[in-house]
1. Quick check for me: using +1 on Lys/Arg Cβ and -1 on Asp/Glu Cβ, what's the dipole size of segment A:169-261 about its Cα centre, in debye to the nearest 20?
2. What gaps in nm, shortest first, separate A:Gly133 from its twins in the other copies when you place the label 7 Å past Cα toward the beta carbon?
3. Work out the length of the dipole vector of segment A:39-166 about its Cα centre, built from +1 on the beta-carbon of each Lys and Arg and -1 on the beta-carbon of each Asp and Glu, and round it to the nearest 20 debye.
4. What base-10 log of the normalised intensity I(q)/I(0) is obtained for segment A:88-132 from the Debye formula, alpha carbons as equal point scatterers, at q = 0.17, 0.30, 0.33 Å⁻¹?
5. Under a point spin-label approximation (7 Å from Cα along Cα-to-Cβ), what is the B:Ala213-A:Ala37 distance to one decimal in nm?
6. Looking at chain B as a GNM with Cα springs under 10 Å, which of B:Gly316, B:Gly169, B:Gly303 has the largest mean-square fluctuation?
7. According to a simple spin-label model (label point 7 Å from Cα along Cα-to-Cβ), what is the distance in nm between A:Val96 and B:Arg63?
8. Using each residue's phi in segment B:275-282, evaluate 6.51 cos²θ - 1.76 cosθ + 1.60 at θ = phi - 60° and report the 3J(HN,Hα) Karplus result to the nearest Hz, with x for Gly and Pro.
2 protein chains.
Amino acid sequence: MGGTMKLLLRAARGEAVPRPPVWFMRQAGRSLPEYRALRADVGMLESCRRPDLVCEITLQPVRRHKVDAAILFSDIVVPLRAAGIDLDIVAGTGPVVASPVRTADDVAAIRPLEPGDVAFVAEAIRLLLAELGETALIGFAGAPFTLASYLVEGGPSRHHAKTKALMYGAPDVWHALCARLASITRVFLEVQIAAGVDAVQLFDSWAGSLSEADYRRYVLPHSRAVLDGLTVPRIHFGVGTGELLPAMAEAGADVVGVDWRTPLDVAASRVPGKVLQGNLDPCVLTAPWPVVAAETRRVVAEGKKAPGHIFNLGHGVLPETDPDVLTRLVEVVQSS
Amino acid sequence: MGGTMKLLLRAARGEAVPRPPVWFMRQAGRSLPEYRALRADVGMLESCRRPDLVCEITLQPVRRHKVDAAILFSDIVVPLRAAGIDLDIVAGTGPVVASPVRTADDVAAIRPLEPGDVAFVAEAIRLLLAELGETALIGFAGAPFTLASYLVEGGPSRHHAKTKALMYGAPDVWHALCARLASITRVFLEVQIAAGVDAVQLFDSWAGSLSEADYRRYVLPHSRAVLDGLTVPRIHFGVGTGELLPAMAEAGADVVGVDWRTPLDVAASRVPGKVLQGNLDPCVLTAPWPVVAAETRRVVAEGKKAPGHIFNLGHGVLPETDPDVLTRLVEVVQSS
C-alpha cells in the first residue's frame, strides 16, 4: 500500500474516492472506557503534554473503531499554556484563565510561541507516525476567535458578551489580540506539519455566534493568517455556521466543516467547489440502531452532492455515547 | 387616537407603516434596577402568578423605554406549573423539574390546563389593558419542543441529548408529550387572547438545535396545533433558526423572528411574504454608542427588504445591559 495516498487526503483534495473517509471529532476520548482509565489520575493539560499519553489516546479510537483518520489528542488551549499564559482545564467546566485578557497591556504580555515550547507535540507525532500506517493523522488547533473568547471571558461562556464587547468597543485591542493568537496558532500548526501530520483541522467552534459581517470584519483576516499557504489540506470547522460557510471557506479552507443544521447538499450550494466534512447530529447516536443507520446513509447520500465528502459528526462525540455505536457507524460508512 | 390600529398590529399585518415598531424580548426585567428591586424578595414563579406584579413588571420597560409593545411578564413554564407539574425556577439555573418526563406513563400523568388554572394571567391582562393605551400587549407562551426539552432533560441543557433520544427512540411517547404540551399552550394562549392581548409570541427558543427534517417530522405539527386559527397576529421565534425559517413560518406564523446570524434581507428571501421580527445582536448593546446606533440603522435598513418589520433584538436582553442604551435605541428606531 506504500505508494497509495491515504483515503482522507484523496478526499480532502477532491479526488474521486470509492467511499467517504470517516473519523469523529473528540473520538480520542470522552466516550471510551480505556480513555477514562488512562486519564483517571492525570489532568487534561498534563495528558496533552506527555507524548506517550498523546500517542496512546490518539490511537485508542483508531484501534477500536477503525476510523480512516486519527486526530491528534490535544486541546485548543495547549499552545496558549505553552506560550506561558496561566490557565488550566477544569473538569466539568473547561478552560479557566487566571487573568482574563481585556486591555492592550494584557495583549502585549502574551509572548509568541517558539517551536521548542511544543516539542512534546512533535515528539507525539513522531511516535504516532510509526504506528498509524495507512490511517491519516490530522493536526489540531483552535482558531483565533474561539481562543480569544476563552481568554477574554476567562472561561467558557454562553453568549460571548465580553468577547464581543471588546471586539466592538476596542477594535485595536481586539485585532492585536487576534494577531498574536494567529501567530501562536500558526507556529503550533507548522510544528505539527513539520513533524508529519497529513492534514490539519482549525477549530473555530464558537464562530457561529457571529453574523457574517462581523465575522468578515473581526475574524476572517486572522483565520486566514493561520491557514494561508499551509502545505497540507486544511479543514475549517465551526458549529452553527450555516450563514458563515462561504466566509469560512474564504479564510483558507480546503475542506469546510458543516454541522447537522445545514444539510450537506444545501452546504454544497453555498460553497461551490469545496469538499465538505460532516454532518450527523451527535445526538442521533443515542437513537436505536435502525435510526442511526438510516441517518448515516442519508448523510452519505447528501455528501455525494459535494465535490468531496469526509464523513464526521456535526460536532464532537458526546461523552454518553455508546462506543459500540460509533464502531458500527464506521462499518456502515466504510461499506457504503 | 381611538380609532387607529396600534402600530405593532399594523406592521404585523404587513400594512405600510411610517417606521418599524420596536420592543425587546426580556425587556420586562433582568436589566432594570426597578425590576430587581421588585423581585428582591419574590421568587420568579410567584411573581408570574401575582396579577399586580405581572402588571407592574410588564409596564416598567414601557415607562422607561417608550417601546411600542409590552410583552406579558411570564415564563414558559408557568402553564406547566399551573397544570400541576412539579417544577420551580431556580435563580442562576432556570427551570428545574422534580421528575423528568421520559415514559408513556409520565406523559399520561400530565393533565390538561383548564382556563381557571391561569385566571391570574387573565386578571393581569385586564389590569394592563387599563394602563397601556396605544401600546400593544403581546401574549406569551413556550412552544411544545422547547417545553418538552425542559421536561425531558429535567432542566436547561446544552445539547438536548435526552430530548432527542426520546424523539428518535420513542417517537410515540414524544408525539404524545408534544400533543399534551400543545394543548396546554393553546389553552394558555386562548386565555390571553380572550382577555384581550393584541398579538401573541410563541417562543421555540431551542428549536434551532434541530435539523429542518427533524423539525418538520417531530415538531412542526405540534406548533401548528398551537398556532392554527388563533384570532390575533402570531409571532414565532427561535434562536439559530436560519435553516428553519420556512418551516417555522409554515407552522402558522404571521411574523417570523430572526436572530442576528441571518441578515433580515436574507431571511426575507427565505420566507417570502412574511413579516420579520429582529434582529440586532444583544451583545451589540455593550458596544460604544456610535456602534449601537450604526448597527440599529443597519437593521432598520435591512428590514425594509421584508414585507414588514418589527424591530427587536435577535434574542433576549442580556442582564448586564445598560437600560439607558435600550432607551436611546428606541429613540433611534422611532425617529427612523
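The values are calculated or read from the model by the stated rules, or taken from the named source; none is laboratory data. Treat the numbers as computed from the prediction; the structure is a model and nothing was measured. Using ideal geometry, Cβ is built from the backbone for each residue, glycine included, and neighbour counts are taken over all protein chains shown. The area values use the complete protein model at the heavy-atom level, side chains included, leaving out ligands, DNA and RNA. Shrake-Rupley method; radii C 1.70, N 1.55, O 1.52, S 1.80 Å.
1. 140 debye
2. A:Gly133 label point versus its equivalents elsewhere: 8.0 nm.
3. Here the size comes out at about 400 debye.
4. -0.79, -0.96, -1.02
5. 3.7 nm
6. Among B:Gly316, B:Gly169, B:Gly303, the largest GNM mean-square fluctuation belongs to B:Gly169.
7. Taking the simple label geometry, B:Arg63 and A:Val96 are separated by 4.2 nm.
8. So the J values, rounded to whole Hz, are 6, 10, 10, x, 8, 5, 4, x.
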